[in-house]
Amino acid sequence: MTTNTIKIGASVAFDSEDGPQQGTVSGFKADLGNGRSHALVKVTGTLNGEPWTIPVDQLQQRPTARV
């Protein structure tokens, strides 16, 4: 996936060493070594509110609720 399909505020899911996680994208940054795009994902109740840095291509966008 690219930042063109996953935007700030998107609900996403990803796998981690601690098992499946889900959260909200709060920003993006590029890896200085290889230029790979990473998303900053806030996962409620983990890392004292600090965002997880996850490669964008490892995220699955979750459907948003329709009202």
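The values are calculated or read from the model by the stated rules, or taken from the named source; none is laboratory data. Since we're looking at a predicted model, the values are computed, not measured. When we count neighbours, we look across all protein chains shown, and the Cβ atoms used for this are built from the backbone with ideal geometry, even at glycine. Please note that ligands, DNA and RNA were not included when accessible areas were found on the heavy atoms of the full protein model with its side chains. Shrake-Rupley method; radii C 1.70, N 1.55, O 1.52, S 1.80 Å.
How many residues are in contact with a His (Cβ under 8 Å, 6 or more places away or on another chain) and not basic (Lys, Arg) if we restrict to region 9-62?
Matching residues across region 9-62 total 7.
Conditions (1) assigned to a strand (DSSP E or B); (2) without any contact (Cβ under 8 Å) to a residue 12 or more places away in the chain; (3) small (Gly, Ala, Ser); (4) at negative phi, marked per residue:
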{"position": "PHE14", "(1), (2), (3), (4)": "yes, no, no, yes"}
{"position": "THR24", "(1), (2), (3), (4)": "yes, no, no, yes"}
{"position": "LYS29", "(1), (2), (3), (4)": "yes, no, no, yes"}
{"position": "GLY33", "(1), (2), (3), (4)": "no, yes, yes, yes"}
{"position": "ASN48", "(1), (2), (3), (4)": "no, yes, no, no"}
{"position": "THR53", "(1), (2), (3), (4)": "yes, no, no, yes"}
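Is it fair to say SER37 is in contact with a helix residue (DSSP H, G or I) (Cβ under 9 Å, 6 or more places away or on another chain) and among the polar types (S, T, N, Q)?
yes
Can you tell me which residue in region 31-48 is most open to solvent (accessible area, probe 1.4 Å), limited to those that are hydrophobic (A, V, I, L, M, F, W, C) and at pLDDT below 90?
LEU32
State which residue is modelled with the lowest pLDDT when the search covers only region 54-67 and only residues that are surrounded by 12 or more Cβ atoms within 10 Å (Cβ to Cβ) and closer than 15 Å to THR24 by Cβ.
Per the stated criteria, the residue is ARG62.
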